[in-house]
């Protein structure tokens, strides 16, 4: 049977809604601090396997990076660890910003 929980989406219609997915930003911490989606978690891709226990298994997760390539790798890693309720945000933070959706900064 095909895995129907892994989807590609821009995620924008779900952020902030009741029961919204956790937004997992897998860019490096400097990129996250510069600009990110409010409420997102930052676990850089190169630390994802060692920090996998931090990722909740009881909610849907939207994964994104800067442009979309690394989020596919992250989704594969998550899937390998049994975390399958995933949405890959097409185009990453660049597409989010181009759509003029809100971003916050820690810098």
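The values are calculated or read from the model by the stated rules, or taken from the named source; none is laboratory data. These numbers were taken from a predicted model, which means no experiment stands behind them. No Cβ is skipped: glycine too gets one built from the backbone with ideal geometry, and neighbour counts run over all protein chains shown.
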- Could you list, in sequence order, all residues of the range 34-57 that are in contact with a strand residue (DSSP E or B) (Cβ under 8 Å, 6 or more places away or on another chain), surrounded by 13 or more Cβ atoms within 10 Å (Cβ to Cβ) and more than 22 Å from residue 83 (Cα to Cα)? 35, 36
- Query: Looking at the range 58-78, which of its residues are in contact with a strand residue (DSSP E or B) (Cβ under 7 Å, 6 or more places away or on another chain) and over 19 Å from residue 20 (Cα atoms)?
  - Reply: 72, 74
- Which one is modelled with the lowest pLDDT among residues in the range 6-24 that are part of a loop (DSSP other than H, G, I, E, B), farther than 14 Å from residue 101 by Cα and more than 11 Å from the chain's Cα centre (by Cα)? 6
- Query: Do we have residue 28 as free of Cβ contacts under 8 Å to residues at least 40 places away in the same chain, touching a strand residue (DSSP E or B) at 6+ places or on another chain (Cβ under 6 Å) and under 16 Å from residue 105 (Cα atoms) here?
  - Reply: no
- List the number of the failed condition for residue 2; all other conditions in (1) surrounded by 19 or more Cβ atoms within 10 Å (Cβ to Cβ); (2) at pLDDT below 90 hold. (1)
- Go through (1) over 21 Å from residue 29 (Cβ atoms); (2) surrounded by 14 or more Cβ atoms within 10 Å (Cβ to Cβ); (3) out of contact with any helix residue (DSSP H, G or I) (no Cβ under 7 Å at 6 or more places or on another chain) and name the single condition residue 86 misses. (3)
